[in-house]
1. Calculate, for residue A:252 and residue A:327, the FRET efficiency according to 1/(1 + (r/R0)^6) with r their C-beta to C-beta distance and R0 30 Å; round to the nearest 0.05.
2. On a C-alpha basis, how far is the centre of the stretch B:147-193 from the centre of the stretch A:56-117 in Å? Whole number, if you could?
3. Based on other C-beta atoms within 10 Å, arrange B:226, B:17 from fewest to most.
4. Please determine, in degrees from 0 to 90 and to the nearest 10, the orientation of helix B:78-88 with respect to the longest principal axis defined by the Cα atoms of chain B, where the helix direction is its Cα long axis.
5. Mind grabbing the base-10 log of I(q)/I(0) for the stretch A:11-110 at q = 0.10, 0.11, 0.12 Å⁻¹? Debye formula, identical points on the C-alpha positions, no solvent, two decimal places.
6. Can you give me the Cα centroid spacing of the stretch B:83-108 and the stretch A:1-21 in angstrom?
7. What relative contact order, as a whole-number percentage, does chain B give when Cα pairs under 8 Å and 6 or more residues apart are counted?
8. Could you tell me the center-to-center distance, by alpha carbons, between the stretch A:284-323 and the stretch B:17-65 in angstrom?
Amino acid sequence: MLSVRIAARFLRTSPVQSALIVAGIAVGIATQVFVGSLITSLQANLVDTTIGSSPHITVKAREDGEPVVLSERVRSVMIADERVEPGAVAPVRTASALFTDGESSAPLSLTGGRLVDLDRIYDLSGRTQAGTPGLGAGEIIIGVDFARKYGLSPGDSVSLVFAGAGATPARVTAVVDLGSAAANERTAFIDSDLLRRISGWSADEHSAIQAQVREPFDAATVAAEWRAALPDVLISDWQAENADLLTALQSQSASSYMIQVFVLVAVALGIASTLAISAVQKTRQIGILKAMGLSDRRSGAIFLWQAAILGVGGTAGGVGLGYALIWGFSLVPVPFSIVPEPRFIALSSAIGVLVALLSSVIPTRKTSRLDPIEVIQSG
Amino acid sequence: MADRLLIAEELHRVYGSGETSTRALNGVSFEFGEGEFAAIIGQSGSGKSTLLNLLGLLDTPTSGTVRYRDRDTGSLSTRARAELRNGLIGFVFQFHHLLPEFTVFENVAMPALISGALPPGEIRRRAEEALGLLGLADVDAKNANALSGGQKQRVAIARALMNRPALVLADEPTGNLDTTNTELVYELFRKVRSETGTAFLIVTHDRKVAQRTDRILEVLDGELVSDERNRYLD
């Protein structure tokens, strides 16, 4: 591979020029890797905070306050759907109650269901800060801020007042961190049977049936299909309810893509200008090589190989630098960490090398068209 | 005459077009044999370098043909012309045109590296042989830029011989050398010619230099005005 050998020699004999362009590519790719990973991780964190531990799709009765029945038809549509996280279909009963400890009182939003079902949606076991979660008869799981505010811990008893039902005691089994201050202060999970008795509903009647899908962004599509299959119930999805968040995420993605595209354009212009200068600097050598019989194709390939060497070197350096930046970011106290996505980094690397190769098009064509007589005659 | 190596037939070369055109060569024809040792002489601007470039397949004639071993080169592709240049012709330019990024050894080996026809061991052997023949064995690892003018020109000659060409075309090869080095270069040409049978066609403006060859072709205003055996050698 004479073209590779010549390309490498040309680069080696201009070490400063070569090092500068490799550094330029490396900085561009590092920015690409860092910004891309940062935005992806930030968005994943935002999505996880918003919906990671809450239902993606909720099925309710059409009339407000009426129960939805977990019929065979509903079961077959929801549970049989392969896009649903296995086991993540939870029939729940919800109610509002007033907590009172004799001195003060606070409203609580209660969700009742089987622990095994609720765990798939809310990950109560994984979020437990104290105690052992349990939702047996008369048991309640409370949020960490609520517990702190009222000095409650597992084993304590709380008194809940339901409209038209008087005070009902419940025993705290666990304190959980639900990921947001509002939820941690206002939300609690309770024995479902207790809520059923208060509402007077039958065993198969629920306030809602909640589900989580494997890919959160499939929720709207899945919900639309379920609406067609189950016209008698009301089906809502997190995407419809969080349109503002989605718009923000999309805007963030768009700005991230813009930054990445402009960085790549800057990298491409940098390589192209360096190679163009190199092609002019090496015109005489290329003319001599052509006079000795080097073909147009192989002459052009010299600059293609230069671009490839610079591109691969710069990209490798850029990925290393990108990882170093991500590591540096991990030392900064922020509520989320950047998780480098190997597929994204592989794609960034491929784009980096491709941009380098594309940048060599002009010098490659110019070189392959060079007539050796121009050089030989000019001495 | 020895076996025919080259035939130039009615070579014309016009640069530009219309009123601003320049006629550099005007119907030059001659034959050249295998192993001949000849010079093309002429004043500056007479068209001798243009003729050499046409014979070296670096340039294409406006009309006329250049045949090598009865093969018409006019219809050849750019690639085929490059291959023919690489295998059949060795060039020695006035300004030696070495590659400053490469060592003396690499410069000499370059035509064989371009051809890709020889194994590395054979390339090394041939390059060392050419360097030895030209007294450059001790400078093979040096950068081409680190040599004196005379040494550079000898490297260029070694490079021209690397692929054992049938013909070496040399354009003012001693134009930048002193008398001693000029003498040395022509002795080398003769030595190589007698040892390898390579033909030499040397362009020079200096009749004294041309008289060191066996045949002198004189170009004047783009025309071949004389073609004679060198009587001074007799």
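1. According to the calculation, E is roughly 0.85.
2. One Cα centre to the other: 96 Å.
3. Sorted ascending by nearby Cβ count, the order is B:17, B:226.
4. It is inclined by approximately 60 degrees.
5. -0.61, -0.67, -0.72
6. Comparing the Cα centres of the stretch B:83-108 and the stretch A:1-21, I get a distance of 20 Å.
7. On the way: 458 pairs, mean separation 67.4, N = 234.
For chain B, the relative contact order is 29 percent.
8. 36
Values quoted throughout were computed directly from the atomic coordinates according to the rules given, and no laboratory measurement underlies them. What you see is a predicted model, and the numbers here were worked out from it, not measured in a lab. Glycine gets a Cβ as well: all are built from the backbone with ideal geometry, and neighbour counts include every protein chain shown.
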